[in-house]
Amino acid sequence: MNTQWFQIESVDEKEKIGKAAGILRRGGLLAVPTETVYGLGADGLNEEAVRRIFEAKGRPQDNPLILHIPSAGWLERYCEDVPETAYLLAERFWPGPLTMILKKKELVPLRTTGGLQTVGMRCPDHAVTRAIIECAGVPVAAPSANTSGRPSCTNAEAVREDMWGKIDGIVDGGACEVGVESTIIDLTVTPPQLLRPGGLPLESLREVLGAVSVDRAVTQKMADGEKPRAPGMKYRHYAPRAPVTVVTGEARASARYLLTHIGAGAGVIVFDEFAGLFPGHIVHRLGGMHDKKAQAQRVFDALRTFDSTGVTEIFAQCPDTGGLGLAVSNRLKKAAGFRCVEAPDDTIVVGITGGTGAGKTTVLEILEKNGALILDCDAVYHEMLRSDEALRAALRSAFGDVFDESGALDRQKLGNIVFGDREKLRRLDDIVHEFLPRELARRMAASSASTIGLDAIKLMESGLGALCDTTIAVAAPEEVRVRRIMKRDGISEDYALARIRAQKSDGWFSERCDHLIMNDYATSSEAKENIRKRLNIIFMQIKETKQHGKQTQ
Ligand code: TXA
Ligand code: MG
């Protein structure tokens, strides 16, 4: 079949809109953009057209389609006994990512509703698509435009991949704003029931409806023979070819879990903050850990892109279920066939950084005295250079034999190779980044300490700061630092100054960390007392945040 491509930017392109609408009127198949995902549309009252939708998608016949209309004014045409709440919801959220299940009228064919006496109604927030529907003059039955079982399409190219040659036309209306499908609410039961979480948060529905129950299929795998109320929820949708494991729990905790559990060929779906911690793996960024809007936009792309790679398994970080997080986590969990693990989160990891002489050691000593495990990144790295065979093998394969007869790293030799050669230096950085965070996460997981102090000058540049529940920059005025270094290392004032100035400034550290501790006290007992007080406050804040986070998991 010849598939026509329509690039339509605005409702003023009347001629193209007319042509696209013509396809629908004649009983053809037309993929259309919506704010959620692309839909594969046909005249929802035309049984033959609807049959062809099922055929093109390879969709099971009992899975009903949603009817798309240009305004709430069309509801009465196709639905019986429309409750007042439907109009309240429409007024507040239409056009938008909300589908309402209502009693159907006789003229809506059972083929469209998968044999049900109810019908899903939705008014999409996409002006071009509404104009096409209005011009066609028919309600448009449109499931997501993907081949059945694949992730939904959030741009026209993805539709081309699945549907080219199988349908009459594709309207390219740009990337989808929301990225996950509409929220489905069943208004034929009391209280109304959420059948599928989507682009409209459950919290918004509750504001209007009060009590809303949630179908079990939203959060759990259905037992054999058990039926979700939205028939489509029973299928293992959105599944990439490689098996997926979803890791729930606080974002930093799940990142630490991933570091210690993924195998060599694994792909990862992670929040942006952690993307740098997985060199050597195919990484898909899901958006910032708090940016659920971005996560919704990217979740299907994440699942889609791995199919063209050779990954053997996929691990995904998962947001909490507040707001759009319910839809994002539902799509990820469905892709995983509900294979989920909860990352343990019983430690507080504090990253401590700062320049030489700023007084980092005092802070670390106080933490250690209070029972914290201190991980000195430099020391761990040097230990690994001696004993971690995988790291040693990676260095050998990248730079040749850089170890001396005793087995120790020949620093000079490695230095000669990498300094002055940007590409090699980056390679070394990548290797360190591949092995060090993993080893640190392993030690964190193995420890029973409730607090861990991560000591690293390059805490922020290395991406390790992302693993910490909080980061603290320790700073002190230059003259204080000079005095400290002169005393500690027995060097001249000029040399001490030169060393300080060769490093990043206090301002650089404090801008990037969550907290700043000024360690400029004259006596060490005064310093310790003040640092203890600051740490107490910082710990109280972290505990509160964690507690709050757990409530929305
Ligand atoms: O955002 C969306 O809703 C997208 C765009 C294209 O509008 N459409 C979409 O359609 O996601 P589809 O067919 O992929 O998913 C519709 C879901 C299925 O799970 C189906 O079982 C359920 O809605 N559904 C449709 N009519 C229903 C009904 N009368 N009762 C219960 N569930 C229904
Ligand atoms: Mg679908």
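The values are calculated or read from the model by the stated rules, or taken from the named source; none is laboratory data. The model shown is predicted, which means the values in this text are computed figures rather than measured ones. Cβ atoms come from the backbone with ideal geometry, glycine included; neighbour counts cover every protein chain shown. Surface areas here come from the heavy atoms of the whole protein model, side chains and all, with no ligands, DNA or RNA. Shrake-Rupley method; radii C 1.70, N 1.55, O 1.52, S 1.80 Å.
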Name the residues in segment 342-361 that are surrounded by 19 or more Cβ atoms within 10 Å (Cβ to Cβ), over 11 Å from D455 (Cα atoms) and over 31 Å from the mean Cα position of the chain (by Cα), would you?
G355, G357, A358, G359
Looking at segment 138-251, what strands (runs of 3 or more DSSP E) fall wholly within it and have at least 2 residues that are surrounded by 16 or more Cβ atoms within 10 Å (Cβ to Cβ) and within 14 Å of ligand 2 (Cβ to nearest atom)?
183-186, 193-196
Reported set for segment 21-70 where residues are farther than 19 Å from W5 by Cα, away from ligand 2 (no atom under 14 Å from the Cβ) and in contact with a strand residue (DSSP E or B) (Cβ under 6 Å, 6 or more places away or on another chain) is G44, A49, V50, L67
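If I ask for residues that are of a type outside the set (A, V, I, L, M) and out of contact with any Leu (no Cβ under 8 Å at 6 or more places or on another chain), which ones from segment 293-318 would you list? First the steps, then the outcome.
The initial filter retains those residues of segment 293-318 that are of a type outside the set (A, V, I, L, M), namely 293, 295, 297-298, 300-301, 304-310, 312-313, 315, 317-318.
Residues satisfying the conditions are Q297, F300, D301, R304, T305, F306, D307, S308, T309, G310, T312, E313.
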Quick check on segment 285-295. Is at least one of its residues within 16 Å of ligand 2 (Cβ to nearest atom) and open to solvent by less than 30 Å² (accessible area, probe 1.4 Å)?
no
Which one of the conditions (1) within 23 Å of the chain's Cα centre (by Cα); (2) closer than 28 Å to H290 by Cβ; (3) modelled with pLDDT of 90 or more does V212 fail to meet, given that it meets all the rest?
(1)
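Take V50 and decide whether it is within 15 Å of ligand 1 (Cβ to nearest atom), within 27 Å of G149 (Cβ to Cβ), of a type in the set (A, V, I, L, M, F, W, C) and part of a loop (DSSP other than H, G, I, E, B). Explain how you work it out, then say what you get.
Details: within 15 Å of ligand 1 (Cβ to nearest atom): yes; within 27 Å of G149 (Cβ to Cβ): yes; of a type in the set (A, V, I, L, M, F, W, C): yes; part of a loop (DSSP other than H, G, I, E, B): no.
Against the criterion (within 15 Å of ligand 1 (Cβ to nearest atom), within 27 Å of G149 (Cβ to Cβ), of a type in the set (A, V, I, L, M, F, W, C) and part of a loop (DSSP other than H, G, I, E, B)), V50 does not qualify.
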Looking at (1) open to solvent by 90 Å² or more (accessible area, probe 1.4 Å); (2) under 35 Å from the mean Cα position of the chain (by Cα); (3) in contact (Cβ under 8 Å) with a residue 12 or more places away in the chain, which one does R426 not meet, given that it meets all the others?
(3)
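Report, by residue number, each residue of segment 324-336 that is in contact with a strand residue (DSSP E or B) (Cβ under 9 Å, 6 or more places away or on another chain) and open to solvent by 20 Å² or more (accessible area, probe 1.4 Å). Can you show your working first?
First pass over segment 324-336, keeping only residues in contact with a strand residue (DSSP E or B) (Cβ under 9 Å, 6 or more places away or on another chain): 326-327, 329-330, 332-333, 335-336.
Selection gives L326, K333.
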Near pairs, Cβ below 8 angstrom, 6+ apart or cross-chain, from segment 372-388 (farther than 17 Å from G354 by Cα and among the β-branched types (V, I, T)) to any residue that is open to solvent by less than 10 Å² (accessible area, probe 1.4 Å) and at pLDDT 95 or above
V380/L440
Which of the residues belonging to segment 53-78 are assigned to a helix (DSSP H, G or I) and not small (G, A, S)?
I53, F54, E55, K57, W74, L75, E76, R77, Y78
